Structures are given as structure tokens and as C-alpha cells.
1. Take the conditions of a type in the set (Val, Ile, Thr), modelled with pLDDT of 95 or more and more than 22 Å from residue 61 (Cβ to Cβ) and apply them to residue 211. Does it pass?
2. From the set of residues in segment 15-39 that are outside any loop (DSSP other than H, G, I, E, B), in contact (Cβ under 8 Å) with a residue 24 or more places away in the chain and not aliphatic (A, V, I, L, M), which is farthest from residue 88 (Cα to Cα)?
3. Just for segment 181-206: of the residues that are among the β-branched types (Val, Ile, Thr) and outside any helix (DSSP H, G or I), which one is farthest from residue 250 (Cα to Cα)?
4. How many of the residues in segment 11-50 are open to solvent by less than 40 Å² (accessible area, probe 1.4 Å), touching a Pro at 6+ places or on another chain (Cβ under 8 Å) and of a type outside the set (A, V, I, L, M)?
5. Restricting the search to segment 72-111, which residues are within 17 Å of residue 39 (Cα to Cα) and either not in a loop (DSSP other than H, G, I, E, B) or not hydrophobic (A, V, I, L, M, F, W, C) (or both)?
Amino acid sequence: MGATGATVSRICLGCMSYGKPGWDVHPWVMDEDHADPFFKMAAEKGVNFFDTADHYSYGASEEILGNAVRKYYRREEVVIATKVGFATGTGRNMTGLSRKHIIESVNASLRRLGTDHVDVLYTHRFDPNTEVEEMLSALDTLVRDGKVIYLGACSAWAWQFAKLREMQKANGMAQFQVMQNFYNLVYREEEREMIPYLEHERIAMVPWSPIARGFLAGLKPRNQKQKGGRAEEDKVLNSYFGSDADYAVLDAVEEVAKDYGVTTAQIAYAWVLSKPHVTAPVAGATELEHLNDTIAALDITLDVEALTKLESAYQSHEMSGQIQLAGRSPLFSNQQ
């Protein structure tokens, strides 16, 4: 995992899909009984890296993950990542990256996970309403107290991330060691600045949405309305993907998948896994067959012809994924 010395599986199991059905953000999530087989398969297949957040089902995802780790693993075998920053409810001070919210939220996450530390704590996005010194100090306190082993951040502008790490270095604070950014065959803008920075600094890259929120698995057929479940209710899928350029990439993925005799999702995962700068993509699954196929993608080696076909279809996009909490500050403004 980057320069940390910790080792993780090439697949990180994303746990947003497991929590409390009817959650107002993503109503399609699965309860614990339905989630348990996914953790059992993960253990059997050697997955030891898990991604959750206090925001996911407002903590229920963390509870399910904690129970699964105790059931199928020894704690020291696994790397548990959670996040802080997005809302954990509707009350005051239940969002953001103030010292108060960071400390209280992490303590609550530890109780739900049933552990005395998390291996990776991500800032879910940066908070324009909190002075960066306050945020960095709170994160450093958690590392010094042993409640957090490594720090990470999710989707930021490269200059923001670099500036914050330089502030951490200058003040002798624990530094961000992991970046969870938006990266897949239909969104490759991270290759411009963020990925070269991560490679230079030996920072682990753990991309979210490696199959474009299911777009590359066929969840959004061209000129057809999705019906039911995640495909219909996922606002990110329906707002991020679906341009003519996106479908041109999907066409290429379908061609390569046919040539290799595998699914389009497996080709999309195999492409992300082929990149030396990727530590482990975050893979979500609501069907066991999909998790099994994702792990099987590790055995697919794309040749030069396939890589060329997949990558040549890409067209530049507007930057996205770097959404932030409400408000503005000079450091966290989206204006470049």
C-alpha cells in the first residue's frame, strides 16, 4: 500500500452496498443477512482490504463490516478503511471536518466496527468551512493516539492534495498516504496531474468507481431506461455517465470482452488492475456472481492490441468527482 509497508489484496471490497435498506441516499443497500455471504467469499478468496464510511447507512455499514471481520478473520490480517466528513445524520455538527466532528465521528466508528483502531481514515471530501490547520491537527491527533494508522483522502484537486501534504511535512504531522480517487475507462482525467503526483510520492491509489458505477457492466443500456434496483436509483450513475463518448468506450469494452470471452465488467477491472499506479480498486457487489467475476479479473492479462482499443476510444471530460461539502474557502475553491 504505497510507501506504508502494509500489504493489501489487489481488490478492495467496498461496503457501501451493505447497511440499512431504505437509506435515504441509496435505498437499494442490503441488510446484514444478505451481506454476510459476500464477506465469506471475500475471506475464501483472500480479500483482506475493506472500504466503508460513517456516512454509509449512517453507520450500519461499519457495524456489518465489524461483525464480518470478527466472524471470518483475525483483526491483524485485515486492512479496514473508513471515512469521515459526509453527514452521519440530520442534526447539527454531524458533517464536515471540524476537530469536533472528526474526533467524535472516529470514536463512534471504532465502537461500531468493534476495534480500537482503523487502518486507513479518509477525509470523504475536503471541507471549505473548516480551517485546514484544524483539520490536519485533528487527523494528526488520531494517528498519535493510535486510533488511526494511516491517513487518506478522497477525490481532490492535485494542487490541494499536494499543498496539504506539504503543510503536514512542514509541521511534523502524519501525512496522507492513500488517495481514493475517481478513475475508470470512461473517466481518466486523473492521469493529467494527480496520478503523476501519486507515483512520484509513492502514495497508494485506491480508485473508486472502477467500472463507472456499473456503466461498464451494462447497467445503463443505450437509449433504454433502467428499471428497478440500483440501476434506476443510483443518482451518480445517472448523472455522470451516458454521453456519446462514454458509449464509444463501452463499445470498445464490449468488443474486447467478446474477444476474451469474459464480461465487460471484468475487462473494465482488468484495465484498472493493469496500471502499475493502482494499488487496489474499490469493488462493490450486490450479487455473489459479480464479486467472483471481479476477483477472476485478476487473471486477465490484456495485450497491447486490447489496451490500445480500450484507450483510443477515450475523449477528455470535464473534471468531476472533486465535489466538496457546502461552502467555500480560498484553498478549497473549485476555481483554478
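The values are calculated or read from the model by the stated rules, or taken from the named source; none is laboratory data. Here the structure is a predicted model, which is why all the values come from computation and not from measurement. Cβ sites come from the backbone with ideal geometry, for glycine too, and all protein chains shown count toward neighbours. Side chains included, ligands, DNA and RNA excluded: accessible areas come from the protein's heavy atoms. Shrake-Rupley method; radii C 1.70, N 1.55, O 1.52, S 1.80 Å.
1. Working: of a type in the set (Val, Ile, Thr): yes; modelled with pLDDT of 95 or more: yes; more than 22 Å from residue 61 (Cβ to Cβ): no.
In short, no.
2. Just the residues of segment 15-39 that are outside any loop (DSSP other than H, G, I, E, B), to begin with: 18, 30, 32-39.
The next check asks that each one be in contact (Cβ under 8 Å) with a residue 24 or more places away in the chain; those that pass are 18, 30, 32, 35-39.
So of that shortlist, the ones also not aliphatic (A, V, I, L, M) come out as 18, 32, 36-39.
Numbers: 18: 16, 32: 19, 36: 23, 37: 26, 38: 25, 39: 24 Å.
Filtering segment 15-39 for residues that are outside any loop (DSSP other than H, G, I, E, B), in contact (Cβ under 8 Å) with a residue 24 or more places away in the chain and not aliphatic (A, V, I, L, M), the one farthest from residue 88 (Cα to Cα) comes out as 37.
3. Our first condition is that a residue be among the β-branched types (Val, Ile, Thr); within segment 181-206, this holds for 186, 195, 203, 206.
After this cut, where a residue has to be outside any helix (DSSP H, G or I) as well, the list is 186, 203, 206.
Values: 186: 8, 203: 30, 206: 22 Å.
Only one residue tops the list, namely 203.
4. Residues meeting the conditions: 2.
5. Of segment 72-111, the ones within 17 Å of residue 39 (Cα to Cα) are 72-82.
Scanning segment 72-111 gives 72, 73, 74, 75, 76, 77, 79, 80, 81, 82.
Residues checked against (1) touching a residue at least 40 places away in the same chain (Cβ under 8 Å); (2) assigned to a loop (DSSP other than H, G, I, E, B); (3) open to solvent by 10 Å² or more (accessible area, probe 1.4 Å); (4) farther than 17 Å from residue 201 by Cβ:
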residue: 125; (1), (2), (3), (4): yes, yes, yes, yes
residue: 138; (1), (2), (3), (4): yes, no, no, yes
residue: 142; (1), (2), (3), (4): yes, no, no, yes
residue: 156; (1), (2), (3), (4): yes, yes, no, no
residue: 162; (1), (2), (3), (4): no, no, yes, no
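Residue by residue, here is whether (1) charged (D, E, K, R); (2) within 22 Å of residue 87 (Cβ to Cβ); (3) under 16 Å from the mean Cα position of the chain (by Cα); (4) not in a helix (DSSP H, G or I) holds:
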{"site": "1", "(1), (2), (3), (4)": "no, no, yes, yes"}
{"site": "5", "(1), (2), (3), (4)": "no, no, no, yes"}
{"site": "13", "(1), (2), (3), (4)": "no, no, yes, yes"}
{"site": "41", "(1), (2), (3), (4)": "no, no, no, no"}
{"site": "58", "(1), (2), (3), (4)": "no, yes, no, no"}
{"site": "70", "(1), (2), (3), (4)": "yes, no, no, no"}
